[in-house]
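Below you'll find the structure, written out as structure tokens, and then a few comments.
The values are calculated or read from the model by the stated rules, or taken from the named source; none is laboratory data. Given the structure is predicted, the values throughout are model-derived calculations rather than measurements. Here the Cβ positions follow ideal geometry from the backbone for every residue, glycine too, while neighbour counts run over all protein chains shown. With ligands, DNA and RNA removed, areas are computed over all heavy atoms of the protein, side chains included. Shrake-Rupley method; radii C 1.70, N 1.55, O 1.52, S 1.80 Å.
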Amino acid sequence: MKIGIIDYGMGNLFSVEQAVKRLGAEVLISADKEELLTADALILPGVGAFPDAMARLEETNLVSLFDDVVATKKPLLGICLGMQLLFEESIEKGDNKGLGLFKGSIAEFSGEDAEGKTYRVPHMGWNNLQFKRYPTWLSKEALDNDYVYFVHSFYATDVEELDLVAYADYGGEIVPGIVQKGSITGMQFHPEKSGSCGVTLLTSWLQGIEKGEV
Amino acid sequence: MLTKRIIPCLDVKEGRVVKGVQFVSLRDAGDPVELAKFYNEQGADELVFLDISATHEGRETMVDVVRETASALSIPFTVGGGIRTLEDMKRMLRAGADKVSVNSAALQNPQLIKEGSDYFGAQCIVVAIDAKWSEEDGTWMIYTHGGRNKLQKEAIAWAKEAVALGAGELLVTSMDKDGEKSGFDNALLKEIRAAVNVPVIASGGAGNAEHFYETLTEADADAALAASIFHYKETSVAEVKNYLRNKGVAVR
């Protein structure tokens, strides 16, 4: 199985590449749409700012790749900023349009909860996922723990109830951790850095692709 | 719920792990990648590599250590020591580090924090602060060169400045407590934590599991770091986390 990692110049692909390779999949790193479409599934990584990332996707002519991904139901996993880009819009450094594969918008942690108590921003460290449902490719039994590694200052809001798979509780906010709609999945945390839980999530996703469940 | 993090620190010199007692006498304690794997299995939440190499070759070796660690590990890690430019940051992050930590270079050129933060995002930029109580000034001051040189800079003011410039996390080492194993400097940590809104890692002074409990609760540090007590197996990451769990602290 071949996993294409979308290389649009945003952040460190090495850890994602290594994590996927450790699980036995072949990795193709590319910025070329046609080449990426030869992969069995795609990963959209990303570290950095939302507007810069969208600009990079446009410059590298990769925005239309996502139309093909949707049309052909090619499995896609967005990680961290890569997940945020799948939403309609973000307020990071102004009003920005996203790829719009998920409904909802990306907002910034305020640093203060409803009772006026301050909390740390970025949301950095290990938080537990609370599952609303399990996608076909992921079974509850497969997960031996639910701690994953988050590091972000922006998060998805107004997410469709049906798209939300799991969330974390931070600063009194429901922070979407996993979203999924059809073949498209987003993970706000870093599965490639999330110890055994991350390994289980990535393994399940890869096996799901093989079985045609994603 | 977000958990408190326990972070072993590996001091690496010319590709080998060493640990200084009060940063002066050094002892060799092993291969960094093997040690990183060992700590990962023990339940470490993160790792910090501090490169104290004196030579260009040593620093080049560090890139290989980072790459090998990122290939083998599935937990995040930070690299500090010898990060002086945006290019240095880029090299380490591309090799697979999740964060870079800057100390003296940021004191000499605070704009480095902003450049790194704008380029990679605040979450990648850790500012390491070495602080020591000064009777003369009646507060904690910044020290460099392993605690030998005092700067005319207050630690708390520098912490605020670093965060305003874009630091996503602070690694605060007490030079009074470092190597003493008598507990973290919770008075210092409490003040810094109150002054900034980013996560704070407590460092310097860990001697036993209770010390971790104290700093993570009393000072409300977000994470606590230690080196020698883990390297010399005086306690283990697993033991510390069990202790914290039994005391009702949220750990992974």
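In summary, the lysines within cross-link reach of A:LYS33, defined as a Cα separation below 17 angstrom excluding same-chain residues under 8 places away, comprise A:LYS2, A:LYS73, A:LYS74.
Surface calculation, 1.4 Å probe, protein heavy atoms: B:HIS56 sits at approximately 110 Å² accessible. Put a plus charge on the Cβ of each Lys and Arg, a minus charge on the Cβ of each Asp and Glu, and nothing anywhere else: the dipole of the stretch B:26-152 about its Cα centre is then about 260 debye.
Taking θ as phi - 60° and the Karplus parameters 6.51, -1.76 and 1.60, the scalar couplings of the stretch B:129-146 work out to 10, 9, 10, 8, 5, 10, 4, 4, 8, x, 7, 8, 10, 7, 10, 10, 6, x Hz in sequence order, x denoting glycine and proline. Overall size of the protein assembly as shown from C-alpha positions, given as principal axis extents largest first: 69, 50, 43 Å. Note on chain B: Cα convex hull, mean projected area over all directions, 12.0 nm². Remark: chain B carries a charge dipole of roughly 300 debye about the Cα centre, counting +1 on each Lys and Arg Cβ and -1 on each Asp and Glu Cβ. Each of A:HIS152, A:VAL70, A:ILE43 was placed along the dipole of chain A (beta-carbon charges, centred on the mean Cα), and the one lying farthest toward the positive end is A:ILE43. Between the alpha-carbon centres of the stretch B:155-174 and the stretch B:51-128 there is a gap of 17 Å.
Please return the longest stretch of chain B lacking exposed loop sites, where GluC sites (Glu not before Pro) count only if DSSP places them in a loop and at most 16 other Cβ atoms lie within 10 Å. Here the longest segment lacking exposed loop sites spans B:15-134.
Taking every DSSP helix (H) stretch of at least 4 residues in chain A, weighting each as -39,500 (n - 2.57) and dividing the sum by the residue count yields a mean residue ellipticity at 222 nm of -6500 deg cm²/dmol.
Taking every alpha-carbon pair under 8 Å whose residues sit at least 6 apart, the stretch A:130-214 reaches a relative contact order of 35 percent. Distances between placed amide hydrogens fall under 5 Å for B:ALA250 paired with B:LYS4, all partners being 5 or more residues away or on another chain. Converting phi to 3J(HN,Hα) with the Karplus coefficients 6.51, -1.76 and 1.60 and the offset θ = phi - 60°, the stretch A:2-13 yields 10, 10, x, 9, 6, 9, 10, x, 10, x, 8, 8 Hz in sequence order, with x at every glycine or proline. Here the stretch A:127-205 and the stretch A:1-52 have alpha carbon centers that stand 19 Å from each other.
Suppose every Lys and Arg Cβ carries +1 and every Asp and Glu Cβ carries -1, with no other charges. What dipole size does chain A come out with about its Cα centre, to the nearest 20 debye?
Working: 18 positive and 32 negative charges, 100 e Å.
Around 480 debye, computed over chain A.
Mean separation of Cα pairs under 8 Å and 6 or more residues apart, divided by the residue count, gives chain A a relative contact order of 19 percent. In the distance distribution for the stretch A:2-210, Cα-Cα pairs more than 25 Å apart total 32 percent.
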